[in-house]
1. Provide a single number: the residues in segment 149-176 that are surrounded by 14 or more Cβ atoms within 10 Å (Cβ to Cβ) and either in a helix (DSSP H, G or I) or of a type outside the set (G, A, S) (or both).
2. Against the condition at negative phi and out of contact with any helix residue (DSSP H, G or I) (no Cβ under 9 Å at 6 or more places or on another chain), how does P76 come out, does it pass?
3. Of the numbered conditions (1) within 19 Å of S63 (Cβ to Cβ); (2) β-branched (V, I, T); (3) in contact (Cβ under 8 Å) with a residue 24 or more places away in the chain, T103 satisfies every one except a single condition; which is it?
4. Checking the condition at pLDDT below 95, surrounded by 10 or more Cβ atoms within 10 Å (Cβ to Cβ), aromatic (F, W, Y) and out of contact with any Cys (no Cβ under 8 Å at 6 or more places or on another chain), which residue from Y122, Y129, Y145, Y139 passes?
5. Take the residues of segment 133-148 that are without any contact (Cβ under 8 Å) to a residue 24 or more places away in the chain and part of a loop (DSSP other than H, G, I, E, B): which is nearest to the chain's Cα centre (by Cα)?
6. Only residues in segment 53-67 that are over 21 Å from N160 (Cα atoms) count as the first member; pair them with residues that are assigned to a loop (DSSP other than H, G, I, E, B) and open to solvent by less than 90 Å² (accessible area, probe 1.4 Å), Cβ under 6 angstrom, at least 6 apart or cross-chain, and list the lot.
7. Restricted to segment 63-115, and to residues that are in a loop (DSSP other than H, G, I, E, B) and among the charged types (D, E, K, R), which residue is surrounded by the most Cβ atoms within 10 Å (Cβ to Cβ)?
8. For segment 32-48, state whether one or more residues are without any contact (Cβ under 8 Å) to a residue 60 or more places away in the chain, surrounded by 13 or more Cβ atoms within 10 Å (Cβ to Cβ) and within 13 Å of the chain's Cα centre (by Cα).
Amino acid sequence: YSRKRLVILTVDLSGDEIASLISEDLRLVMLNSRSQVVDQTALQWAGLLDKLFADPDAVLGLSWKNGAAELALWSPTAKKVDLLLYSSPEQDTYQPSHIQAMTFNQGIWRGQISSSWKNQWYLYRVEIYQPRLKQFKTYFVTDPYSFNLSNNGKKSQVLNLNDSHLQPQGWGSLQKPA
């Protein structure tokens, strides 16, 4: 081992194989001739995540399709994401009215809920590996793409910005400047 010499290691893995590994604790370990650990470091994913999962055309956050709300969260390193639904913003975070598992594809977690949840509240429960703690942790988080948050930013709200009662007077006839 010499600090004067740069060693480049390559691994031949498919995008799917990499995607299955990034939610785990992966380390590069240096062993001596007796297979004892001499040094180790956690792998850095930032550039790799962008290369594998960045999609400038992806619709993230809350959108409406065929009368249903679709939610999309970009979190390629999460091991699991659930959508937690609440009937009020004051409802206990740990006691949601409804829990829905989300599905993962190409770095994005997706879920769909009926329009009956319009104007109600939600959080994401995200299970993700924390390298500093060397364990998986569960976090309750608002939608980073929220249209509206409850007081103190505790919950996101299911809103359809095309609803007329949410639009200022004259909004539909507004002429955009050229």
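The values are calculated or read from the model by the stated rules, or taken from the named source; none is laboratory data. As the structure is a computational prediction, the values presented were derived from the model and not from experiment. Here Cβ is always computed from backbone atoms with ideal geometry, including for glycine, and neighbour counts include all displayed protein chains. For accessibility, only protein heavy atoms count, side chains too; no ligands or nucleic acids. Shrake-Rupley method; radii C 1.70, N 1.55, O 1.52, S 1.80 Å.
1. Here is the first cut: in segment 149-176, the ones surrounded by 14 or more Cβ atoms within 10 Å (Cβ to Cβ) are 149-150, 154-160.
With either in a helix (DSSP H, G or I) or of a type outside the set (G, A, S) (or both) added as a condition, the list becomes 149, 154-155, 157-160.
Summing the residues that are surrounded by 14 or more Cβ atoms within 10 Å (Cβ to Cβ) and either in a helix (DSSP H, G or I) or of a type outside the set (G, A, S) (or both) in segment 149-176 gives 7.
2. On the way: at negative phi: yes; out of contact with any helix residue (DSSP H, G or I) (no Cβ under 9 Å at 6 or more places or on another chain): no.
When the stated conditions are applied, P76 does not pass them.
3. Against the list (1) within 19 Å of S63 (Cβ to Cβ); (2) β-branched (V, I, T); (3) in contact (Cβ under 8 Å) with a residue 24 or more places away in the chain, T103 comes up short only on (3).
4. Working: Y122 fails: at pLDDT below 95; Y145 fails: at pLDDT below 95; Y139 fails: at pLDDT below 95.
Checking each option against the conditions leaves just Y129.
5. Initial filter on segment 133-148 (without any contact (Cβ under 8 Å) to a residue 24 or more places away in the chain): 133, 135, 137-139, 141-142, 148.
Checking the rest, the ones that are also part of a loop (DSSP other than H, G, I, E, B) come to 133, 142, 148.
Numbers: L133: 20, T142: 10, N148: 18 Å.
Taking the candidates together, the pick is T142.
6. From residues that are over 21 Å from N160 (Cα atoms), the pairs are F53/P76; F53/G107.
7. Initial filter on segment 63-115 (in a loop (DSSP other than H, G, I, E, B)): 66-67, 75-77, 87-97, 102, 106-107, 114.
From what's left, among the charged types (D, E, K, R): 90, 92.
Numbers: E90: 11, D92: 7.
Out of the qualifying residues, it is E90.
8. Taking every residue of segment 32-48 in turn, none turns out to be without any contact (Cβ under 8 Å) to a residue 60 or more places away in the chain, surrounded by 13 or more Cβ atoms within 10 Å (Cβ to Cβ) and within 13 Å of the chain's Cα centre (by Cα).
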